[in-house]
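The values are calculated or read from the model by the stated rules, or taken from the named source; none is laboratory data. Remember, it's a predicted structure, so these values are computed and weren't measured experimentally. FYI the Cβ positions are ideal-geometry reconstructions off the backbone, even for glycines, and counts take in every protein chain you see. Side chains included, ligands, DNA and RNA excluded: accessible areas come from the protein's heavy atoms. Shrake-Rupley method; radii C 1.70, N 1.55, O 1.52, S 1.80 Å.
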Amino acid sequence: MENEKSKGMPLLGDEFPEMTVETTHGTIELPKAFSGKWFVLFSHPADFTPVCTTEFYAFQKRYDQFRDLNCELIGMSVDQVFAHIKWEEWIQENLNIEIEFPVIADTGTVAGKLGLIHPGKGTNTVRAVFVVDDHGKIRIILYYPQELGRNMDEILRVVEAMQIADNKKVAMPANWPNNELVDDHVIIPPAKDVKTSKERLKQAESGEFTCYDWWLCHKKLD
């Protein structure tokens, strides 16, 4: 029974479910199409909705910044491809911006696999964000109600922060890179034994990094 529940609700660290989807850019196989890249999949309850229109505009404005991080974007809405195309045309004609990333046309199958139907919010799919790494693993999941637009700068921030955390084997403080305690520094993972905890303080004394205590040490990025 527990396994059945988990099938429709992927969790952090899970492989992104393999699926073939129809999009405004043709048929795409996920996550294979983005092999070797990070990608952000963001869902919408329907085309031609005000909040979602502002989000499409905002994502497109930052598309180059995502691509600079080796990260692609892919939208999703429970509407047909022709509706997506018409919506994109409206955005270009009225807001003077061309949507360059693909948009999935879902009949409900993708929403079911990703756990986007939340009965307490009605029959519409919730607006979700899945951040998937270059190995096809889900690293971040965010859910938003229809009333609240997403913060694209935050989504950019978490992609960059997670890549740094992976590459440098560090953790990222609150509001990085503008943390109130450590500024733009990153966190050294806590010591896991007594010997390492004592070495941490010696390393701090030598200026290798800074510590509030042996379990809370930070340093500037290399």
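Per residue, the convex hull spanned by the alpha carbons of the chain comes to 154 Å³. Accessible surface for the chain, divided over its residues, is 55 Å² per residue with a 1.4 Å probe.
Taking every C-alpha pair closer than 8 Å and separated by at least 6 residues, the mean separation divided by the residue count of the stretch 66-176 gives a relative contact order of 17 percent. For a straight C-alpha distance cut-off of 14 angstrom, the aspartates and glutamates reachable from residue 168 (same-chain residues fewer than eight places away being disregarded) are 160, 222.
In straight-distance terms, cross-link reach from residue 220 covers every one of the aspartates and glutamates whose alpha-carbon lies under 14 Å from its own, apart from those fewer than eight places away in the same chain; here that gives 183, 184, 208. Computed from phi, the 3J(HN,Hα) profile of the stretch 216-222 under the Karplus parametrisation 6.51, -1.76, 1.60 (θ = phi - 60°) reads 9, 10, 9, 8, 6, 4, 5 Hz, with x in place of Gly and Pro. Panel values: the stretch 21-132, Kirkwood radius from alpha carbon pairs, Stokes-Einstein at 20 °C and 1.002 mPa s, translational diffusion coefficient 150 µm²/s. Distance between the pseudo-spin-label points of residue 175 and residue 199 (7 Å out from Cα toward the beta carbon): 3.4 nm. A DSSP coil position with no more than 15 other Cβ atoms inside 10 Å describes the following GluC sites (Glu not before Pro) in the stretch 78-178: 98, 100, 147. Secondary-structure-derived ellipticity at 222 nm for the chain, considering helices only, amounts to -10000 deg cm²/dmol, per-run term -39500 (n - 2.57) for DSSP H runs with n ≥ 4.
The phi torsions of the stretch 39-45, fed into the Karplus equation with coefficients 6.51, -1.76 and 1.60 and a -60° offset, translate into couplings of 8, 10, 9, 10, 9, 9, x Hz, rounded to whole numbers, with Gly and Pro shown as x. For the chain, a simple Cβ point-charge model (Lys and Arg +1, Asp and Glu -1, everything else neutral) yields a dipole of about 760 debye relative to the Cα centre.
Once both labels are positioned 7 Å from their Cα atoms along Cα-to-Cβ, the gap between residue 89 and residue 157 label points is 3.9 nm.
Which residue fluctuates the most in the chain, going by a Gaussian network model with Cα springs under 10 Å, if the choices are 82, 101, 42? Of the options given, 82 has the highest mean-square fluctuation. Near residue 142, once Lys and Arg are set to +1 and Asp and Glu to -1 for all other residues with Cβ below 14 Å from its Cβ, the sum equals +1. With θ taken as phi - 60° and the Karplus curve 6.51 cos²θ - 1.76 cosθ + 1.60 applied, the whole-hertz 3J(HN,Hα) list for the stretch 61-73 is 4, 9, 4, 4, 5, 5, 5, 4, 9, 6, 10, 9, 10 Hz, x standing for glycine and proline. The amide H of residue 49, built 1.01 Å from its N in the peptide plane, has no neighbour under 5 Å, considering only residues 5 or more places off or on other chains. The Cβ shell under 12 Å around residue 36 holds other residues with a net charge of -1, Lys and Arg each +1, Asp and Glu each -1. The tail of the calculated P(r) for the stretch 84-199 beyond 23 Å holds 53 percent of all Cα-Cα pairs.
Calculate how steeply helix 81-95 sits against the longest principal axis of the alpha-carbon atoms of the chain, using the helix alpha-carbon long axis, and give the answer as 0 to 90 degrees to the nearest 10. Helix 81-95 sits roughly 70 degrees off the main axis of the chain. The mean sequence separation of alpha-carbon pairs under 8 Å and at least six residues apart, normalised by the residue count of the chain, gives a relative contact order of 20 percent. Largest GNM mean-square fluctuation among 194, 81, 170, using the chain with Cα springs under 10 Å: 194.
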